[in-house]
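I have placed the structure first, in the form of structure tokens, so that the comments after it can refer back to it.
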Amino acid sequence: LYPGLIDLHNHLSYNVLRLWQVPKRYTNRDDWARHPDYRKLISGPMNVLGQTPGYPAAIARYAECKCLLGGVTTSQGIALFSNSGMSSFYRGFLRNPEVSDGPGFPAAHARIADVAAEDGERFMRLLKQKSALLLHLSEGTDARAHRHFQALTLPSGEVAISSSLVGIHCVALKRKDFDLMAGKGASMVWSPLSNLLLYGKTANIKAAKKAGVNITLGADWSPSGSKHLLGELKVARAVSKAQGGLFSDLELVAMATRNAARAIKWHNVVGSLESGKRADLIAIKGTDKPAYAQLLDCREREIVLVMIDGVRRYGLPKLMRGARHAETWTVGGSRRVFDLAGPADTHLKPQGLRASMDLLRRGLRDLVDLARELEKPRRASRSAKPEWFLALEEEEPVDSCIRPRLCNHGTSPRRSFDPLEMARAAAVPLSTLLGPLELDPISLCDDRDFLATLDRQRNLPRPIRAALAAAFA
């Protein structure tokens with residue numbers, strides 16, 4: 001038995017997409033989204049599905065079940081917006097760090113207003129008000145990425161870092177930066193696979209450990225990361241071994257459990273198996289190895305039970321008897337049962353997993369037709385009932401950001417995007433750009449192409465490539 005895994009960085013809405021063949025090595029997060037393939041294979045398809053009725057609910061169901069297959073009980077949430085101007089988070093059976101679940105579960109924040117993102121003083125005030133701010137920080141390997149961190153030192157000399165800050169990625173940070181974070185009690189989210197595929201390197205995790213930073217783990221998303229946190233744990237272990245055994249198996253498991261709970265101030269209720277805590281737990285088959293190695297070595301088909309708040313959500317048929325809304329599934333040839341009963345989201349009509357995947361396969365096949373439908377002029381709806389759509393966080397809507405963009409001391413960590421270039425790209429109708437895509441297989445052990453696609457990734461270091469081939473085989 002283990003605590004349920006807590007994924008502090010995942011863009012769940014994009015997880016219907018297959019692993020992207022990254023076309024080149026990048027040095028900054030602001031660069032790879034400009035490649036033509038990004039709109040064609042990632043942002044464009046998700047904009048179409050996310051704005052087509054019926055698909056947001058299917059994406060939410062698929063994404064949550066994909067998490068359960070990897071033992072994840074908490075993951076960053078799926079943001080929604082409506083045609084009436086309201087916004088919300090999808091409420092399913094996974095815990096969501098951005099939504100409070102009662103006493104002991106303070107809501108973290110992962111989106112900040114544009115004005116706070118670019119104004120150091122306002123950002124500092126926001127940081128002091130919140131229990132946890134989950135923010136992309138210094139994602140990239142170049143000086144531009146590092147300037148995002150430097151800008152946290154305000155003109156007054158005050159540093160916009162506290163125990164509330166949870167910096168995602170932190171690839172460009174140096175030892176002195178991690179010392180500063182540790183001194184202020186900040187945490188970081190490490191996403192090694194996505195970093196390696198996009199940038200050819202990941203955060204200086206050795207420096208972060210030496211500094212004493214609280215390190216957590218995030219799978220990021222399927223286009224350039226792991227299917228779920230169980231897979232990302234294997235990547236973290238491979239990187240650790242390549243650096244001489246930097247972390248013990250216990251330390252790696254802690255990143256996905258108690259460290260993560262501590263980062264978002266949930267450590268009194270989840271993150272470890274203790275009397276009085278909530279029953280978020282997973283059970284896996286096998287006792288022939290040391291306990292933490294058993295979890296790190298296990299495959300999806302060896303997870304026999306996932307429980308959230310004492311409710312059995314996924315597991316072997318004999319352990320799921322009495323499930324209120326049972327749906328059978330097969331993982332690596334082994335039968336499993338999901339319990340998809342409530343809590344029902346008030347915005348999206350719940351769907352079964354099989355029905356959701358059938359719809360998503362059709363939608364990805366018919367992207368051109370769906371895009372044409374969205375491109376038709378529409379009359380304003382007079383319906384009092386709002387329609388809900390996916391808010392794709394990687395698009396960064398005009399009124400919010402998922403990363404601070406402070407400009408202090410003459411530094412300028414703003415986007416390098418050319419507005420004219422962006423306008424020209426957006427002017428190309430998606431119906432002329434998109435083509436049929438395939439749904440990402442929901443489980444790693446049933447994905448015949450994952451290892452081959454991983455092996456073709458040009459930025460993945462050779463020793464890590466070999467280690468992952470063995471770990472994922």
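Per residue of the stretch 290-301, in order, report the coupling 6.51 cos²θ - 1.76 cosθ + 1.60 (Karplus, θ = phi - 60°) as ³J(HN,Hα) in whole Hz, putting x for Gly and Pro.
Each residue's phi maps through the Karplus curve to give x, 4, 6, 5, 4, 6, 5, 8, 6, 9, 4, 6 Hz.
Report, in deg cm²/dmol and to the nearest 500, the calculated mean residue ellipticity at 222 nm for the chain, where each DSSP H run with n ≥ 4 adds -39500 (n - 2.57) and the sum is divided by the residue count.
Details: 19 runs with 160 residues, N = 473.
Theoretical 222 nm ellipticity from helices: -9500 deg cm²/dmol.
Of the listed peptides 288-296, 234-242, 208-216, 362-370, what is their order by residue-averaged count of other C-beta atoms within 10 Å, with the highest listed first?
In descending order of packing, they fall as 234-242, 208-216, 362-370, 288-296.
Provide the net charge surrounding THR141, with neighbours chosen by a C-beta distance below 12 Å and charges set as Lys +1, Arg +1, Asp -1, Glu -1.
+2
Quick one: accessible area per residue over the stretch 302-348, 1.4 Å probe, rounded to a whole number of Å²?
Per residue, the stretch 302-348 has an accessible area of 46 Å².
What are the lysines whose alpha-carbon lies under 19 Å from the alpha-carbon of LYS318, with same-chain residues fewer than 8 places away excluded?
LYS285
With r defined as the distance between the Cβ atoms of VAL368 and TYR292 and R0 fixed at 41 Å, what FRET efficiency is calculated, to the nearest 0.05?
Rounded to the nearest 0.05, the efficiency is 0.30.
Just to be sure I understand the model, the point goes 7 Å from the Cα along the line to the Cβ. What's the resulting GLU158 to GLU395 distance in nm?
A separation of 3.5 nm, rounded to one decimal place.
Where the only charges are on Cβ atoms (+1 Lys, Arg; -1 Asp, Glu), what is the dipole of the stretch 1-148 about its Cα centre, to the nearest 20 debye?
For this selection, approximately 220 debye.
Can you send over the carbon and sulfur percentage of the accessible area for the chain, probe radius 1.4 Å, protein chains only?
52
Can you compute the modelled spin-label distance between ASP446 and THR432, with each label point 7 Å from Cα toward Cβ, in nm?
Taking the two extended label points, one gets 3.9 nm.
By accessible area of protein heavy atoms, probe 1.4 Å, what ranking do SER156, SER356 get, highest first?
The most accessible residue leads, giving SER156, SER356.
What percent of all Cα-Cα pairs in the stretch 238-308 falls into each 10 Å bin, going from 0 up to the bin containing the maximum distance?
18, 43, 34, 5
Going down the list LYS210/LYS241; LYS130/LYS184; LYS128/LYS277; LYS277/LYS349; LYS234/LYS349; LYS24/LYS201, which pairs span over 24 Å between their C-alpha atoms? Show your work: numbers first, answer last.
On the way: LYS210/LYS241 16 Å; LYS130/LYS184 15 Å; LYS128/LYS277 27 Å; LYS277/LYS349 32 Å; LYS234/LYS349 35 Å; LYS24/LYS201 13 Å.
With Cα atoms farther than 24 Å apart: LYS128/LYS277; LYS277/LYS349; LYS234/LYS349.
In nm, to one decimal, how far is the ARG321 label point from the LEU1 one, both placed 7 Å along Cα→Cβ?
For the pair ARG321/LEU1, the computed spacing is 2.0 nm.
To the nearest 20 debye, what charge dipole does the chain have about its Cα centre, counting +1 at the Cβ of each Lys and Arg and -1 at the Cβ of each Asp and Glu?
Numbers: 67 positive and 49 negative charges, 106 e Å.
Magnitude of the dipole: close to 500 debye.
Counting Lys and Arg as +1 and Asp and Glu as -1, what is the net charge of the other residues whose Cβ lies under 10 Å from the Cβ of LEU439?
It works out to a net charge of +1.
Sorted by packing (mean other beta-carbon atoms within 10 Å per residue), highest first, where do 326-336, 298-308 land?
Top to bottom by mean Cβ count within 10 Å: 298-308, 326-336.
What is the Cα centroid distance between the stretch 258-335 and the stretch 209-245, reported in whole angstrom?
If you average the Cα positions of each part, the centres end up 19 Å apart.
Rounded to the nearest whole Å², what accessible area per residue is found for the stretch 180-286 with the 1.4 Å probe?
Per-residue accessible area for the stretch 180-286 comes out at 30 Å².
Antiparallel versus total DSSP beta bridges in the chain: what percent is that, nearest 5?
Antiparallel bridges make up about 60 percent of those DSSP assigns within the chain.
Residue by residue, what Karplus-based ³J(HN,Hα) values in Hz, rounded to whole numbers, does the stretch 236-242 have, using 6.51, -1.76 and 1.60 with θ = phi - 60° and x for Gly and Pro?
Calculated HN-Hα couplings, in order: 4, 5, 5, 5, 4, 5, 5 Hz.
Tally Lys/Arg at +1 and Asp/Glu at -1 over every other residue whose Cβ is under 15 Å from the Cβ of PRO192; what's the total? Don't jump to the answer; show the numbers that get you there.
Values: positive: LYS201, LYS206, LYS209, LYS227, LYS234, ARG237, LYS241, ARG465; negative: ASP7, GLU139, ASP220, GLU232, GLU251.
Counting the neighbours of PRO192, the net charge comes to +3.
In whole Hz, with x marking every Gly and Pro, tabulate ³J(HN,Hα) for the stretch 153-158 from phi via Karplus 6.51 cos²θ - 1.76 cosθ + 1.60, θ = phi - 60°.
8, 7, x, 6, x, 5
Let me test this: with uniform point scatterers at the alpha carbons of the chain, what is the Debye-based log₁₀ I(q)/I(0) at q = 0.09, 0.10 1/Å?
With one equal scatterer per Cα and no solvent, log10 I(q)/I(0) is -0.57, -0.71.
Along the charge dipole of the chain, which of ALA110, THR287, LEU49 sits closest to the positive end, that is, farthest toward it, with unit charges on the beta carbon of Lys, Arg, Asp and Glu (+1, +1, -1, -1)?
After comparing all options, I get THR287.
The values are calculated or read from the model by the stated rules, or taken from the named source; none is laboratory data. Values in this document were obtained by computation on a predicted structure and should not be read as measured data. Cβ atoms come from the backbone with ideal geometry, glycine included; neighbour counts cover every protein chain shown. With ligands, DNA and RNA removed, areas are computed over all heavy atoms of the protein, side chains included. Shrake-Rupley method; radii C 1.70, N 1.55, O 1.52, S 1.80 Å.
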